């Protein structure tokens with residue numbers, strides 16, 4: 001048996017293990033210091049009440065003869081798809097139920113979607129970036145070209161005529177930079193995709209952090225996107241589902257390449273290699289979209305956003321350049337005094353006992369930048385900023 | 001963008017839609033007849049009490065600040081892996097925790113495992129077969145050769161020197177035939193795999209139905225299998241998890257091909273393209289392995305097995321040849337009077353209002369055979385057999 005040799009080309013990431021090592025060493029040498037972690041990429045607030053109640057009810061049902069559910073539809077139950085359909089309708093995006101595919105999260109689908117594309121395609125990936133886009137294509141030996149995101153374009157790179165690619169990843173609000181594309185910018189991307197017969201893989205996992213109605217939460221708010229884009233979304237950050245696992249992917253029925261319906265191809269992929277999301281979890285997800293559920297999840301989202309605001313205001317005061325922090329849980333800042341990412345990491349840890357994430361870990365264009373996140377408590381975030389005020 | 005053209009080669013299966021159409025028509029024309037479905041491939045008993053209680057507790061935890069869990073390890077929590085480790089230990093199979101990968105089911109893993117193999121491999125698949133083995137390889141354009149399972153070899157095909165392949169699928173107890181390999185037979189397969197530098201993908205999804213201790217429940221009960229096999233298992237049929245979704249895959253640390261550790265490759269695949277099984281579901285799965293949980297799930301398994309026995313005894317009485325029905329929820333019978341699969345389907349439906357599954361739907365060697373399952377109630381199964389007694 002011959003193995004997939006492309007796995008040899010995967011880069012090992014030492015980012016989080018190096019951070020852990022440095023933090024452990026610091027803690028050992030400074031047992032009296034309270035370390036504040038602003039590097040967390042995971043939610044910290046518990047599941048909201050509506051979700052808990054819905055899942056309790058679903059678990060109880062599964063224990064009764066009348067309520068028990070075996071295999072469900074691989075693409076998800078209609079009760080959940082109907083809620084998502086309504087959620088999009090609020091932004092004037094019309095979806096058919098068959099265009100909505102419930103999944104166990106955006107990460108799975110972003111990797112698995114590549115199954116339906118030829119190996120021959122050229123892939124365009126922004127740098128800095130969520131590492132999964134690069135790794136999943138490397139596993140399948142696709143040619144990758146990078147799209148330069150930097151301070152000049154505010155980490156929102158735009159298409160150029162000379163860029164030729166078949167697949168492009170756009171993530172807005174962005175991980176790790178927190179930057180958000182506006183409508184005009186996304187229109188240009190759709191135009192470029194159509195001209196190049198390319199497909200946009202739109203990662204909308206952070207859409208719920210957008211609070212300006214003029215900013216698109218979905219690529220399908222852009223005219224023509226239904227013929228050139230697939231959208232991936234998740235309840236991970238929206239409703240604290242990182243450990244509960246539910247997301248959804250939108251593939252419109254009129255998304256056709258090579259005379260093949262990508263909607264039908266994805267349905268075939270999912271029915272063959274996936275058995276659907278647990279019934280219990282789908283009932284929890286359904287509750288997220290109820291009136292009460294929306295109220296509850298926005299209490300958490302707004303709590304995180306308040307933290308982002310506290311960080312952003314501190315940076316402004318010190319004239320530190322940054323993106324994000326408004327429509328995103330992430331703040332992406334230029335390291336002061338031309339420090340490298342790791343120099344600033346050490347500086348923050350040594351001088352203020354604050355842990356963040358060096359931008360260099362997200363690609364070459366991340367060098368000299370740094371990511372702070374809003375997933376700690378209000379109290380800790382405030383205390384961290386007071387410490388920052390003292391050392392900047 | 002170019003699509004994956006291999007999808008054009010996928011055969012559409014009309015098996016279950018044709019069955020549904022025929023049954024609907026019969027029901028319309030015979031509104032007074034009670035149809036008994038013995039074609040069901042899904043469990044029908046509710047989740048057992050221990051599982052429900054464990055999941056209720058986990059859901060409640062997730063709603064509290066102290067108990068909330070975000071991202072978990074992609075390969076599963078140790079609390080569950082330790083239980084599986086002990087479960088294997090009972091059969092003298094030693095597993096390290098890192099050799100156990102928790103997943104959302106055997107179907108996902110059986111498809112996704114192909115990611116770590118080269119496209120160049122030749123795949124050996126028994127016929128008749130669970131269609132997923134064929135489809136997932138067709139999607140990746142691997143050459144497939146078939147292994148003839150038939151009445152002569154009791155649907156337990158054995159390796160031959162002239163068979164050259166790199167990957168072989170073995171499913172025991174088998175879906176759809178219910179046939180079970182014994183130890184000597186599996187030893188021959190391990191020997192063949194080693195001689196041919198091939199890998200065995202061992203689908204053990206029905207292992208819990210084995211009640212004869214001399215029959216292997218795991219390929220790792222065979223000496224040397226750890227160097228040439230991966231095992232896939234599921235709680236779907238074991239504990240009624242078809243709608244709750246949890247399984248596990250065993251990749252031993254010393255499974256090396258091309259100087260690459262398949263354990264490390266699978267870990268890389270799962271950490272890159274998967275985010276783990278919901279915490280709540282893993283707590284439910286943990287309860288399956290408790291003393292009380294085992295007692296409860298075996299009440300259900302034995303209930304199904306009692307149905308299988310009722311069917312098997314009826315067939316014996318009429319001298320109808322069959323496999324399965326003892327260590328399996330499936331009974332695979334030779335259609336009487338040389339009827340084809342579909343002729344027997346029509347005969348059963350018209351004369352006895354019983355629905356089963358034509359063997360021809362599982363591959364060319366399934367022609368002339370028929371699958372009955374034990375997932376209906378005791379009462380209905382008995383009634384169906386009384387009807388069968390009258391028409392045979």
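The values are calculated or read from the model by the stated rules, or taken from the named source; none is laboratory data. Please read all numbers here as calculations on a predicted model, not as lab measurements. Virtual Cβ from ideal backbone geometry, glycine too; neighbours counted across all protein chains shown.
The table that follows gives values for the structure above.
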quantity: Residue in the stretch A:363-378 that is more than 21 Å from residue A:17 (Cα to Cα), in a helix (DSSP H, G or I) and free of Cβ contacts under 8 Å to residues at least 40 places away in the same chain present; calculated: no
quantity: The stretch A:244-273 - residue that is in a strand (DSSP E or B) and facing chain B (nearest Cβ under 7 Å) and, of those, surrounded by the fewest Cβ atoms within 10 Å (Cβ to Cβ); calculated: A:260
quantity: Some residue of the stretch A:222-231 being assigned to a loop (DSSP other than H, G, I, E, B) and within 14 Å of chain B (Cβ to nearest Cβ); calculated: yes
quantity: Selected residue [under 30 Å from residue B:118 (Cβ atoms), assigned by TED's automatic domain parsing to the domain that holds residue A:253 and within 26 Å of the chain's Cα centre (by Cα)] from A:124, A:80; calculated: A:124
quantity: Hits in the stretch A:12-48 (condition: touching a helix residue (DSSP H, G or I) at 6+ places or on another chain (Cβ under 7 Å) and facing chain B (nearest Cβ under 9 Å)); calculated: A:43, A:45, A:46, A:47, A:48
quantity: Residue that is within 14 Å of chain A (Cβ to nearest Cβ) and in contact with a helix residue (DSSP H, G or I) (Cβ under 6 Å, 6 or more places away or on another chain), where the choices are B:284, B:276; calculated: B:284
quantity: Among the candidates A:345, A:322, residue that is farther than 30 Å from residue A:182 by Cα, in contact with a strand residue (DSSP E or B) (Cβ under 9 Å, 6 or more places away or on another chain) and surrounded by 17 or more Cβ atoms within 10 Å (Cβ to Cβ); calculated: A:345
quantity: Selected residue (only one of B:193, B:165 is more than 22 Å from residue A:119 (Cβ to Cβ), out of contact with any helix residue (DSSP H, G or I) (no Cβ under 6 Å at 6 or more places or on another chain), free of Cβ contacts under 8 Å to residues at least 60 places away in the same chain and buried (at least 23 other Cβ atoms within 10 Å of the Cβ)); calculated: B:193
quantity: Which listed residue is without any contact (Cβ under 8 Å) to a residue 40 or more places away in the chain, part of a strand (DSSP E or B), away from chain B (no Cβ under 13 Å) and crowded, with 18+ Cβ neighbours inside 10 Å, from A:186, A:147, A:170; calculated: A:147
quantity: Among (1) closer than 25 Å to residue B:282 by Cα; (2) within 14 Å of chain A (Cβ to nearest Cβ) - the single one residue B:164 does not satisfy; calculated: (1)
quantity: Some residue of the stretch A:98-117 being more than 26 Å from residue A:281 (Cα to Cα) and touching a helix residue (DSSP H, G or I) at 6+ places or on another chain (Cβ under 7 Å); calculated: yes
quantity: Leading residue by the ranking (farthest from residue A:104 (Cα to Cα)) among those in the stretch B:64-74 that are buried (at least 18 other Cβ atoms within 10 Å of the Cβ) and within 7 Å of chain A (Cβ to nearest Cβ); calculated: B:68
quantity: Positions within the stretch A:314-351 being in a helix (DSSP H, G or I) and without any contact (Cβ under 8 Å) to a residue 60 or more places away in the chain, in sequence order; calculated: A:315, A:316, A:336, A:337, A:338, A:341, A:342, A:343, A:344, A:347, A:348, A:351
quantity: Per-region count, the stretch B:161-183, residues over 30 Å from residue A:140 (Cα atoms) and touching a strand residue (DSSP E or B) at 6+ places or on another chain (Cβ under 9 Å); calculated: 10
quantity: Scope the stretch B:269-304; condition without any contact (Cβ under 8 Å) to a residue 12 or more places away in the chain and farther than 23 Å from residue B:47 by Cβ; matching residues; calculated: B:272
quantity: Residues that are more than 7 Å from chain B (Cβ to nearest Cβ) and under 17 Å from residue A:138 (Cβ atoms), drawn from the stretch A:104-117; calculated: A:110, A:113, A:114
quantity: Hits in the stretch B:18-56 (condition: closer than 21 Å to residue B:131 by Cα, surrounded by fewer than 17 Cβ atoms within 10 Å (Cβ to Cβ) and either in contact (Cβ under 8 Å) with a residue 12 or more places away in the chain or not assigned by TED's automatic domain parsing to the domain that holds residue B:296 (or both)); calculated: B:42
quantity: Hits in the stretch A:122-139 - residues which are within 8 Å of chain B (Cβ to nearest Cβ) and either at pLDDT below 95 or surrounded by fewer than 20 Cβ atoms within 10 Å (Cβ to Cβ) (or both); calculated: A:132
quantity: Residue B:307 part of a helix (DSSP H, G or I), surrounded by fewer than 22 Cβ atoms within 10 Å (Cβ to Cβ) and touching a residue at least 24 places away in the same chain (Cβ under 8 Å); calculated: no
quantity: Breaking point among (1) within 14 Å of chain A (Cβ to nearest Cβ); (2) at pLDDT 95 or above, for residue B:101; calculated: (1)
